[in-house]
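Read the figures in this text as sums done on the coordinates, not as results from a lab. Remember, predicted model here, so these are calculated numbers, not experimental data. Cβ placement follows ideal geometry from the backbone for every residue including glycine, while neighbour counts extend to all protein chains displayed.
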Amino acid sequence: MRVRRAPIDKAAYYRGIPMVPYDLVKEFAIAMVAMLVVVLVLSAVLSSPDVPSATIQAWAKSDPVDFVTTAATELAGQSTTAQYGPPYNDGSGSIQSLGPIVPQQWAGVHVAVNAPLDFVLEPLSQATVGDQTLASALSTFDAASPAQQQKWLGAYIQALGSATLTNEQVTVASGDYGPVPTLMSRLLGLARTGGLDALLLTSDHFYQTDYSKPLLFLGDGGYFVGLAQDQDLTGTQWGMMNETGRYPGQAWLWLYTLWYQIPPFNTASNADLLVVLAMTVLSLALLLIPFIPGLRDIPRWIPIHRLIWRNHYQR
Amino acid sequence: MTEAGAGNPEAAAPPSTGGAGSGDGPEREAGWTGAVRDRLTSRLSIDELLPTRQPSYVGSWVYVFGVVTIAALVWVVVSGVVLALMGSAWWHTSSLGHFFNSIHFWSVQMFFIFMVLHFWGQYWGAGWRDGRAKTWMVGVVIFLFSIVTAFTGYLVQQNFDSQWIAVNAKDAVNSTGLGGFFNVLNFGQMYGLHVMLLPIGVTLLVVIHVLQVRSRGVVRPIGDPYVPDAAQGSASGGPVR
Amino acid sequence: MNQPAPYVHWGFILISLPNLVLIVVMLALFVAALIAPFPHRAAHHRADDDD
């Protein structure tokens, strides 16, 4: 015979307690109206933040040296994205582990990004129509051995450290860079027209809502980080909690971002994984408070409840 | 008639499910439909859902935080519906659109403010007592779900803030191995989660949470516990522990 | 409102003024809710009375 759970008998539970009229629907209605008024006033007076998005085009126009440096680093396979690891590729530069626990590795590659190809060579190959110089620079580069490619790129990236802007072109000291300067100046030109934003997004199919490629490329550059620093959004500034302008941000992330500011998290290469694990444990603890001795007894020990129910206790 | 009439085994109708398994109620319906109906009506009759009286200890402003949180959520959803109706680019080019975005932005701030205040109230009142642990737990899940929902919202703003959040958050998500399945750089995915899947989840959880509160009633003050009366307690089963 | 926000630096804590204001308002609201008197109705019935 199945034992049925007894239903909750409120009459018994409330025995000895005076019952008073309480209009729940009216309370809800008042709450709705009051909240609407508050929200409308805040919206009318303070509005909401909307700093326009950064584009690769804006990047190429306002900081061409940073753009070209980043692009060359991508082509050399040495950028953060190029060496990242799963879910983007088989690199290992950004894999986080905790001892033998490496969920990032176990999950594998699911958002395939090949930085030299996706960010540089593919877009350039779309732009060779009517541009024989670019076409031959590309085939020279493709034909060269990986070692030769790295030699050209390494020298070029080093020279970029003291690059100048001449007639809107990034100019470096003379050296043996092979076809790399041509590739880079064509990519810069493409970026300035907005074409690179488009090519990185659509990647030969018309409809696209996945911004992985343009965002990863943007994120590898100094220009993007500089914009964030101007808005006080970077991590060492407790950025996770912050919003652009003078608006409140995500104050509820205070504990999540706090860990990043203190040892050992603030210097750990696997800080993200550590923080996620710490917050998972704490969230579980929050969930299970009713069952955790000590934590569930604090309300008894620190009697804030005596204020909440003071009328009841006086009776 | 008492408030908990449906739980009283002496009530003539609806069919009683009272008793500690000692025997079938007088009119127990056969079949799945009857079982579901009996279970629902024993705990969630219309009197349970919309009582007109509360215990007198519900006489503190701390008790309004929950309903104010729900009020904020309503305006979050309403403004969100308008934003979704007009498309994700609307609010950047229309001042009316921007105004609705502001409503959405401030409702969300209000939602989190009052949800946390409600949390504080429930913690210091130890609201999980007397069989209400599940209510607390659903509440925590709502909190965590809301954080994820807000997170996807920040990601689909289509402005600099969303770009920056995406590029930085990806590392934390990737470190857990979820980066390939929850791609914060993928606007389409985040948008679908934010305007449909997650709000449905939050709303469902809030409904469950409210039903839990209504079916159990408001927890007694600390130090004034429910004491089962031996004569009545066994017949009615008493409150769920 | 689009100007950079002022920040409050206290030890290793660095919080924007808007966020700090928000948190202070929350604490004030909670304390206010604890101590503000709540309008009381006369108790008409005890829980185990019949109507």
Would you look at the GNM of chain A, springs on alpha carbons closer than 10 Å, and say which of A:Ala137, A:Ala44, A:Ala198 moves the most? A:Ala44
If you find the alpha carbon centre of the range A:257-298 and of the range B:90-114, how far apart are they in angstrom? 31
Roughly what angle does helix A:24-46 make with the longest principal axis of chain A, taking Cα atoms, 0 to 90 degrees, to the nearest 10? 30
Could you tell me which of A:Val180, A:Ser48, A:Thr234 has its Cα farthest along the dipole of chain A towards the positive end, charges placed at Cβ (Lys, Arg +1; Asp, Glu -1), taken about the Cα centre? A:Ser48
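Net charge within 12 Å of A:Pro49 by Cβ-Cβ distance, Lys/Arg positive one each and Asp/Glu negative one each, not counting A:Pro49 itself?
Details: positive: A:Arg246; negative: A:Asp50, A:Glu243, B:Asp161.
Computed value for this residue: -2.
Net charge near B:Leu49: determine it from the other residues with C-beta under 11 Å of the C-beta of B:Leu49, scoring Lys and Arg +1 and Asp and Glu -1.
After counting each charged neighbour, the total is 0.
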At 10 °C and 1.306 mPa s, what whole-number value in µm²/s does Stokes-Einstein give for the translational diffusion of the range A:91-231, with Rh from the Kirkwood sum over Cα pairs? 91
Dipole moment magnitude, nearest 20 debye, the range A:56-228 about Cα centre, only Lys, Arg, Asp, Glu C-beta charged: 160
Prolate/oblate/rounded label for the range B:125-228 (Cα gyration tensor, a/c 1.5): prolate
Per-q log10 I(q)/I(0), the protein assembly as shown, q = 0.12 Å⁻¹ (Debye; single scatterer per alpha-carbon; no solvent): -1.23
Hey, which lysines would be in cross-link range of A:Lys213, C-alpha to C-alpha under 27 Å, not counting anything within fewer than 8 residues on its own chain? A:Lys61, A:Lys151, B:Lys170
Rounded, prolate or oblate: which fits the range B:36-119 when a ≥ b ≥ c are the square roots of the eigenvalues of the alpha-carbon gyration tensor, with rounded for a/c under 1.5 and prolate only if a/b beats b/c? oblate
Dipole magnitude of the protein assembly as shown about its Cα centre, charges +1 at Lys/Arg Cβ and -1 at Asp/Glu Cβ only, in debye to the nearest 20? 2060
Which residue, chosen from B:Tyr63, A:Leu98, B:Met137, occupies the Cα position most advanced towards the positive end of the dipole of the protein assembly as shown, where the dipole is computed from +1 (Lys, Arg) and -1 (Asp, Glu) charges on Cβ about the Cα centre? B:Tyr63
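Quickly estimate the mean residue ellipticity at 222 nm for chain A, helices only: each DSSP H run with n ≥ 4 gives -39500 (n - 2.57), and the total goes over all residues, rounded to 500.
Numbers: 17 runs with 156 residues, N = 315.
One gets -14000 deg cm²/dmol as the mean residue ellipticity at 222 nm.
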With a/c under 1.5 counting as rounded, go ahead and sort the range A:12-126 into rounded, prolate or oblate using the C-alpha gyration tensor (a ≥ b ≥ c being the square roots of the eigenvalues; past the cut-off, prolate if a/b is larger than b/c, else oblate). oblate
Using Cβ contacts closer than 10 Å as the measure, can you line up B:Asp171, A:Asp230 from fewest to most? A:Asp230, B:Asp171
Taking the Cα-to-Cβ direction at A:Leu277 and at A:Leu295 and moving 7 Å from each Cα, how far apart do the two end points lie in nm? 1.8
Going from the fewest other Cβ atoms within 10 Å to the most, one would list A:Trp152, B:Trp90 as B:Trp90, A:Trp152
Radius 13 Å from Cβ of A:Phe67, net charge of other residues (Lys, Arg +1; Asp, Glu -1): -3
Rounded to 10°, Cα long-axis angle of helix A:146-160 versus longest principal axis of chain A: 80
